[in-house]
Amino acid sequence: MGPSLSEVHESIDTGSKSKWKKIFAFFGPAYLVSVGYMDPGNWATDLAGGSKYGYTLLWVLLMSNIMALLLQSLSARLGIVRGRDLAQANRETYPPAVNFILYILAEIAIAATDLAEVLGMAIGIQLLTGLPLIWGVSLTVLDTFLLLVLQRFGMRKMEAFIVALVAIVGTSFLIELILAKPKMSEVVTGFIPSIPDNTALYLAIGIIGATVMPHNLYLHSALVQTRKIKRDEKGIRQSIKLNFIDSAIALNLAFFVNAAILILAAAVFYNTGRTHIAEIQDAHELLEKLLGTKLAPVLFAVALIAAGQSSTVTGTLAGQIVMEGYLHLRINPWLRRLITRLLAIIPALLVIIIAGDKEVGALLVFSQVLLSFQLGFAIIPLIHFVSDKHTMGNFAIKTPVKILSWVIASVLVYLNSRMVFEEARDYISGNSNSLVDAIIIIVGIGFLVLLGFTIIYPIFRKHPEAPDNPNIHKAQVSLGELDEPIYHRIAMALEFGKFDEQIIRNAIAHGNEHTEYILIHIVESASAKYFGKDSDDLETRKDQEQLDTYVALLKSRNIKAKGVLGFRRRSNEIARIVSEEKADFLVLGGHGHKGLKDLIYGETANQVRHKVKVPVLVVQ
């Protein structure tokens with residue numbers, strides 16, 4: 001099984017001699033995780049809790065934050081110690097059929113998360129610009145390539161981008177709180193546990209359900225593996241400790257944002273008798289009237305867009321982790337992003353077209369119910385894995401932590417199951433279609449059976465004889481004779497530039513006196529792209545002359561060579577010529593550019609290596 005997020009796996013060195021540089025090298029993964037705890041899906045529950053009950057439910061936010069901190073630290077521990085993300089660990093433990101169901105549920109959770117982000121950003125755009133909601137939803141498809149661009153700049157740049165968005169959200173609400181001027185003596189009373197009535201209990205369940213998100217557990221177990229650490233006991237313990245500190249800081253920032261939304265709602269709406277505010281649009285509309293400044297609603301909308309945009313990046317990463325971990329399937333990040341985004345946009349557009357803007361709030365709540373449905377299937381396996389001494393060795397969690405983890409899992413599964421059950425009951429009571437009712441009941445029974453299986457199966461499962469433990473050396477493997485490969489026909493793709501000499505030199509180094517070399521050049525003039533091999537413009541003729549010159553120079557040194565011109569798209573033509581000429585090795589140049597330049601100039605080397613069936617050497 002390959003490493004999680006292979007393109008950035010162990011890409012960040014933590015071995016600096018400077019104490020502070022070493023500490024800061026570990027900081028980052030938890031900030032990407034924290035955005036899931038302050039995404040637009042949390043806003044509705046925080047607003048409703050604050051406007052209806054004032055500061056009373058602040059303690060629920062604090063409790064859910066503590067729960068999240070423990071669960072995220074367990075997720076990080078799994079990734080650090082076993083070098084496995086949660087999806088990979090599930091695949092190694094559960095039967096294929098169960099894994100497939102867990103994969104589908106994880107994808108549903110990610111789509112539900114993305115749905116909340118789409119709606120949040122669309123609402124933010126509408127509040128800021130007045131653009132109709134349906135256009136705002138449609139525009140969110142444009143951020144499909146954001147992750148692709150960010151990944152080109154490396155993991156640290158991506159983390160910096162997310163931290164910047166989190167800072168925008170945090171700063172916006174800090175200013176909002178200063179404008180709202182809540183009484184701190186009243187705010188403090190909100191940390192005393194109390195549930196005034198059943199509606200408050202329902203809101204508390206909603207707050208907890210919206211706070212702890214399943215995709216974050218997959219995400220964190222993979223992100224910690226971007227750090228290159230010493231694989232001895234001291235190095236692993238240090239990594240666990242520093243990642244816990246990272247999580248504590250990041251999740252407390254997320255707690256501040258959620259608490260700020262609730263406190264703002266309490267100070268502005270509850271204290272003025274507007275206890276019915278639960279919709280994001282209503283809150284935005286009233287902020288200017290009640291605080292007496294146009295800055296307040298603008299900051300509110302900007303924070304909403306930033307929260308949605310930051311969650312977009314982490315949601316895509318989680319999707320990549322889940323797909324690769326469960327299915328061993330890698331697809332292009334932009335395609336992965338586009339699929340996830342369309343799964344969110346299509347239902348949002350349908351609801352807006354059929355029912356209008358007024359049902360968007362209900363759709364936001366529905367996305368949180370879907371997340372609640374999946375949560376247990378992420379938490380329960382995670383606790384099993386980090387409790388297992390056979391695979392975790394000395395790093396398995398201790399009994400007190402294990403007990404606390406199972407208590408938290410039980411509370412979260414119960415609360416989320418209750419939320420799903422009540423939503424299903426309300427729907428059935430107002431629905432006259434018996435077939436739909438039967439499907440809901442069957443799905444509910446299946447949910448309970450699968451939940452029971454995920455709890456029981458790891459307990460009775462026999463461990464393999466060779467456990468995947470990083471502290472145990474694996475058995476020796478024979479590599480055979482390791483005969484040196486002999487290449488008979490070596491192709492080289494030339495661009496008639498500064499790389500050509502290096503490409504030719506490296507190609508000849510891999511051949512022998514009997515090897516024939518095929519020199520390839522792709523003509524990219526307008527005429528060549530239109531007429532193909534029938535092109536006869538000046539550029540085509542000059543390229544043929546240059547190619548003939550290279551061939552003549554090689555033949556003068558008793559090296560067998562021939563030249564072949566290609567036309568139109570570079571990667572396709574190089575692959576076609578390699579195949580037609582029966583080449584058994586290919587050498588080509590790499591520009592060394594990245595980021596936006598890849599989108600402008602293309603990624604020939606990367607595309608070609610997927611299209612040919614021979615070894616490829618890229619010369620930088």
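When the residues of the stretch 505-555 are filtered to those that are among the aromatic types (Phe, Trp, Tyr) and over 29 Å from Gln620 (Cβ atoms), which remaining residue is surrounded by the fewest Cβ atoms within 10 Å (Cβ to Cβ)? Restricting to residues being among the aromatic types (Phe, Trp, Tyr) and over 29 Å from Gln620 (Cβ atoms), the top hit is Tyr530.
Annotation note: Cβ proximity below 7 Å between a residue of the stretch 574-591 that is acidic (Asp, Glu) and a residue that is surrounded by 15 or more Cβ atoms within 10 Å (Cβ to Cβ) (sequence gap 6+ or interchain) occurs for Glu581/Arg489; Glu581/Ala491; Glu581/Ile518; Glu581/Val564; Asp584/Tyr487; Asp584/Arg489; Asp584/Val614. Of all the criteria given as (1) in contact with a Leu (Cβ under 9 Å, 6 or more places away or on another chain); (2) at pLDDT below 75, the one not satisfied by Arg341 is (1).
Yes/no per residue for (1) within 30 Å of Tyr427 (Cβ to Cβ); (2) at pLDDT 90 or above; (3) not assigned by TED's automatic domain parsing to the domain that holds Ala89:
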| residue | (1), (2), (3) |
| --- | --- |
| Leu370 | yes, no, yes |
| Pro381 | yes, yes, yes |
| Val386 | no, yes, yes |
| Thr391 | no, no, yes |
| Lys398 | no, yes, yes |
| Val407 | no, yes, yes |
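Hey, any hits in the stretch 353-361 for a residue that's at pLDDT below 75, crowded, with 20+ Cβ neighbours inside 10 Å and part of a helix (DSSP H, G or I)? Checking the stretch 353-361: at least one residue is at pLDDT below 75, crowded, with 20+ Cβ neighbours inside 10 Å and part of a helix (DSSP H, G or I).
Inside the stretch 189-216, can you point out the residues that are modelled with pLDDT of 85 or more and within 18 Å of Tyr414 (Cβ to Cβ)? Within the stretch 189-216, just Pro193 meets the criteria.
A residue that is in contact with a Pro (Cβ under 6 Å, 6 or more places away or on another chain) and in contact (Cβ under 8 Å) with a residue 60 or more places away in the chain occurs somewhere in the stretch 385-402.
Conditions tested, residue by residue: (1) over 17 Å from Ala222 (Cα atoms); (2) among the β-branched types (Val, Ile, Thr); (3) surrounded by fewer than 23 Cβ atoms within 10 Å (Cβ to Cβ).
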site	(1), (2), (3)
Val81	no, yes, no
Ile110	no, yes, no
Leu115	yes, no, no
Leu119	yes, no, no
Ile125	yes, yes, yes
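If only residues of the stretch 260-281 that are of a type in the set (S, T, N, Q) and in a helix (DSSP H, G or I) are counted, the one that is modelled with the lowest pLDDT is Gln281. Could you say whether any residue in the stretch 432-446 is hydroxyl-bearing (Ser, Thr, Tyr) and either touching a strand residue (DSSP E or B) at 6+ places or on another chain (Cβ under 9 Å) or not in a helix (DSSP H, G or I) (or both)? Yes: the stretch 432-446 contains one or more residues that are hydroxyl-bearing (Ser, Thr, Tyr) and either touching a strand residue (DSSP E or B) at 6+ places or on another chain (Cβ under 9 Å) or not in a helix (DSSP H, G or I) (or both).
Set side by side, the residues Ala222, Ala250 differ, and just one is assigned by TED's automatic domain parsing to the domain that holds Leu71, touching a residue at least 40 places away in the same chain (Cβ under 8 Å), closer than 30 Å to Leu291 by Cβ and not acidic (Asp, Glu), which is Ala250. Do the conditions hold for Met392, that is, is it under 18 Å from Gly206 (Cβ atoms) and aliphatic (A, V, I, L, M)? Taking the combined requirement at face value, the residue does not satisfy it.
Search the stretch 287-338 for residues being under 13 Å from the mean Cα position of the chain (by Cα) and among the polar types (S, T, N, Q), and hand back the single one that is modelled with the lowest pLDDT. Taking the candidates together, the pick is Thr312.
In the stretch 64-77, the condition of being surrounded by fewer than 24 Cβ atoms within 10 Å (Cβ to Cβ) and in contact with a Lys or Arg (Cβ under 9 Å, 6 or more places away or on another chain) is met by no residue. The residue of the stretch 178-211 that is surrounded by the most Cβ atoms within 10 Å (Cβ to Cβ), among those that are among the hydrophobic types (A, V, I, L, M, F, W, C) and within 31 Å of the chain's Cα centre (by Cα), is Ala210. Looking at the stretch 52-165, the helices (runs of 4 or more DSSP H) lying wholly inside it that each contain 1 or more residues that are under 27 Å from Leu415 (Cα atoms) sit at 58-82, 86-93, 96-129.
The values are calculated or read from the model by the stated rules, or taken from the named source; none is laboratory data. Everything numeric here is computed off the predicted structure, so don't read it as measured data. Cβ coordinates were reconstructed from backbone atoms using ideal geometry, including for glycine residues, and neighbour counts include every protein chain displayed.
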